[in-house]
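The values are calculated or read from the model by the stated rules, or taken from the named source; none is laboratory data. For clarity, every value in this text was computed on a predicted model and none was experimentally measured. FYI the Cβ positions are ideal-geometry reconstructions off the backbone, even for glycines, and counts take in every protein chain you see.
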Amino acid sequence: MPVMEWKKDGTVAIVTMTNGENRHNPDFLAAILQTMDEIEKDSAVTAMVLTSGDPKNWSLGIDLAWIMGVAAQQDFPAIKTFMYDLNRMFTRILLFPMPVIAAINGHTFGDGSIMAAACDFRFMKADRGFFCMPEVDINIPLLPAMQAMLQKIMPAHKFIELVLTGKRAGAAELAAANIIVKACADNDELQKEALAFARTFTKQRPIFAEMKRRMNKHILELMEKEDVVYIESGQLMM
């Protein structure tokens, strides 16, 4: 079963994650990178919406069962490769030459929240779902670039609150902090609002790509200069 699928609605590419909790593992990363390659090849597409086919979850982040299984086998090269591929996914989103809009229709935890932060805009339904960074409770410190992606979408005090408490925040709270564009009443409204917003974009790809490259330059530098130190040394958990 594919972990994601996409279709066109006019000039908008709608990408639907289709693997339940939509946890990040090698299959997920390969699928989203391939999907974004396909979308970029279609010159008629001017925006991308990323949503989930699961009514409960948008993305619960890293597939802990997979990574713990690999760690138990002491296959540390596989973990390194995965972490670098994770940053490849974030880089692809950060530099994608068109707007990437997260339509968050369920829980988004940990690395799922970081993926949402990498997107250019976020909408979220208010009737179900929390945004949460639980790493402080499971002894996994964030990599420097992960912190920077979160910091780019929220005020400093909110970043400190969410990261150091591990609290769950709903759509209304996120909207009040301007982390999301809008808290939508339910999934129907969410999908309509995200799609309508996506349709407003008719920017040329070269200028959009250059704007994003300059805006996100500091995050890419952190991946290249600081994340690599933690990944190579294996300092990924406490």
Residue list for the stretch 1-44, filter: surrounded by 13 or more Cβ atoms within 10 Å (Cβ to Cβ), under 17 Å from ARG205 (Cα atoms) and either of a type in the set (A, V, I, L, M) or modelled with pLDDT under 95 (or both): VAL12, ALA13, MET36, ILE39
Set ALA172, ALA177: member being of a type in the set (Gly, Ala, Ser), buried (at least 16 other Cβ atoms within 10 Å of the Cβ) and either closer than 30 Å to THR11 by Cα or at pLDDT 95 or above (or both): ALA177
Every residue from the stretch 180-219 that is of a type in the set (A, V, I, L, M), surrounded by fewer than 18 Cβ atoms within 10 Å (Cβ to Cβ) and farther than 19 Å from MET154 by Cβ: ALA185, ALA196, ILE207, ALA209, MET211
In the stretch 40-49, what residues are touching a residue at least 24 places away in the same chain (Cβ under 8 Å) and over 17 Å from the mean Cα position of the chain (by Cα)? GLU40, ASP42, ALA44, VAL45, THR46
Can you tell me which residue is farthest from ASP54 (Cα to Cα) among those in the stretch 173-215 that are polar (S, T, N, Q) and assigned to a loop (DSSP other than H, G, I, E, B)? GLN204
Enumeration of residues in the stretch 110-139 that are buried (at least 24 other Cβ atoms within 10 Å of the Cβ) and touching a Cys at 6+ places or on another chain (Cβ under 8 Å): SER113, PHE123, MET124, LYS125
Return the residues of the stretch 178-213 that are under 24 Å from LEU142 (Cβ atoms), of a type outside the set (Val, Ile, Thr) and without any contact (Cβ under 8 Å) to a residue 60 or more places away in the chain; say none if nothing qualifies. ASN178
Of a type outside the set (S, T, N, Q), modelled with pLDDT of 95 or more and in a strand (DSSP E or B): does that describe LEU50? yes
